[in-house]
Amino acid sequence: MKKLAIRLALVGAVLLIVGVVLFVLFLDGLIKKGVETVGPTLTQTTLTLDNVSLSLLGGNASLRGLRVGNPSGYKGPTALEADQISVKLSPGSLLSDKVIIHSLLLDSALVHVEGSPSDNNLTKILANVQSAVPTSQSAPSSPTSGGKKLQVDDLVLRNTKVQLTFPMLGGKTTTVSLPDIHLTQLGQGPEGITPAALVQRIMTEVTGNVTTVATAALKSLGGVVTETVKDLGKGAIDGVEKASKGIKDLFKKKP
């Protein structure tokens, strides 16, 4: 019996080692599949990722070729393109209920904005994300609220460029820089933060900053931005039409 117990223990140890090895070998693909499966349920758009590279020994991960599609009704194929996202994490936490991410860096992303400063493809995506995130802990579980929780100690979006395509620009596209976004201590408590809530937080910051820089860009071109009010009256509509005509004339004067 003692020999049988030892053999069973050895078999169990071998199976455990094989399981860990297989987990490590296929983890990159699991992360990619997870992003491409959960992401679209949040944004209600297409979401693709070219590849994921993970080094468990160093606790480093790299996500390449992230593409977030546009909601229906918008012309451009994508709302956001990020060639590389760098992640520093605690390898041991991958097997726990809460994955600890020490740093997450999204560098040199490109955001395409269509519509107006206050009503565009990004605000639509943000609304989709907000509708997918439970408003309380007692809310019914969903594919976006279950699974592992996260802890993100430091999150940075830097060198982001925004391409604005608004009717008020006379059909032209102008590119502006987005101020760097720096978030810290997300999901520090034992409950952590869900991936859905993290995406919501990031989208809220990005959308708010885009609204600010888009409004400033229109004003610098001579436009009168009146769309920040919820309901547009006749006077406001006249102002938008005059601003649109003024900007079109501005582009016509250029060689």
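Report yes if G115 is of a type outside the set (A, V, I, L, M, F, W, C), closer than 19 Å to N209 by Cα and open to solvent by less than 40 Å² (accessible area, probe 1.4 Å), otherwise no.
When the stated conditions are applied, G115 passes them.
Which condition from (1) touching a helix residue (DSSP H, G or I) at 6+ places or on another chain (Cβ under 6 Å); (2) assigned to a loop (DSSP other than H, G, I, E, B) is the one that P190 breaks?
Among (1) touching a helix residue (DSSP H, G or I) at 6+ places or on another chain (Cβ under 6 Å); (2) assigned to a loop (DSSP other than H, G, I, E, B), P190 violates only (1).
Look at N120 and say whether it is surrounded by fewer than 16 Cβ atoms within 10 Å (Cβ to Cβ) and at pLDDT 95 or above.
no
Cβ-Cβ below 7 Å, separation at least six or inter-chain, first residue in the stretch 29-56 and more than 17 Å from P91 (Cβ to Cβ) and touching a residue at least 24 places away in the same chain (Cβ under 8 Å), second of a type in the set (A, V, I, L, M, F, W, C) and assigned to a helix (DSSP H, G or I): which pairs?
From residues that are more than 17 Å from P91 (Cβ to Cβ) and touching a residue at least 24 places away in the same chain (Cβ under 8 Å), the pairs are T41/A132; L42/V129; L42/A132; L42/A196; L42/V199; T43/I125; T43/V129; T45/I125.
Could you please give the count of residues in the stretch 31-55 that are farther than 16 Å from A79 by Cα, touching a helix residue (DSSP H, G or I) at 6+ places or on another chain (Cβ under 8 Å) and hydrophobic (A, V, I, L, M, F, W, C)?
The number of residues fulfilling the criteria is 3.
Counting only residues that are aliphatic (A, V, I, L, M) and either modelled with pLDDT of 95 or more or exposed (fewer than 14 other Cβ atoms within 10 Å of the Cβ) (or both), how many does the stretch 52-65 have?
1
Mind listing whichever residues of the stretch 89-109 are surrounded by fewer than 16 Cβ atoms within 10 Å (Cβ to Cβ) and outside any loop (DSSP other than H, G, I, E, B)?
Residues satisfying the conditions are G92, L95, H102, S103, L105, D107.
Mind counting the residues in the stretch 66-84 that are open to solvent by less than 20 Å² (accessible area, probe 1.4 Å) and within 15 Å of I31 (Cα to Cα)?
Residues in the stretch 66-84 being open to solvent by less than 20 Å² (accessible area, probe 1.4 Å) and within 15 Å of I31 (Cα to Cα): 0 in total.
So which residues in the stretch 145-183 are open to solvent by 20 Å² or more (accessible area, probe 1.4 Å), assigned to a strand (DSSP E or B) and over 24 Å from P40 (Cβ atoms)? Give the steps one after another, and end with the answer.
Step one: filter the stretch 145-183 for residues open to solvent by 20 Å² or more (accessible area, probe 1.4 Å), giving 145-151, 153-154, 156, 158-159, 161, 163, 165, 167, 170-177, 179-180, 182.
Filter once more, so that each one left must be assigned to a strand (DSSP E or B): 149-151, 153-154, 156, 158, 161, 163, 165, 173-177, 182.
Of everything in the stretch 145-183, those that are open to solvent by 20 Å² or more (accessible area, probe 1.4 Å), assigned to a strand (DSSP E or B) and over 24 Å from P40 (Cβ atoms) turn out to be Q151, D153, D154, V156, R158, K161, T173, T174, T175, V176, S177, H182.
The values are calculated or read from the model by the stated rules, or taken from the named source; none is laboratory data. Just so you know, these numbers come straight off a predicted model, no measurement behind them. Ideal geometry is used to build each Cβ from the backbone, glycine not excepted, and the neighbour counts take in all protein chains shown. Just the protein is used for accessible areas: all its heavy atoms, side chains included, with ligands, DNA and RNA removed. Shrake-Rupley method; radii C 1.70, N 1.55, O 1.52, S 1.80 Å.
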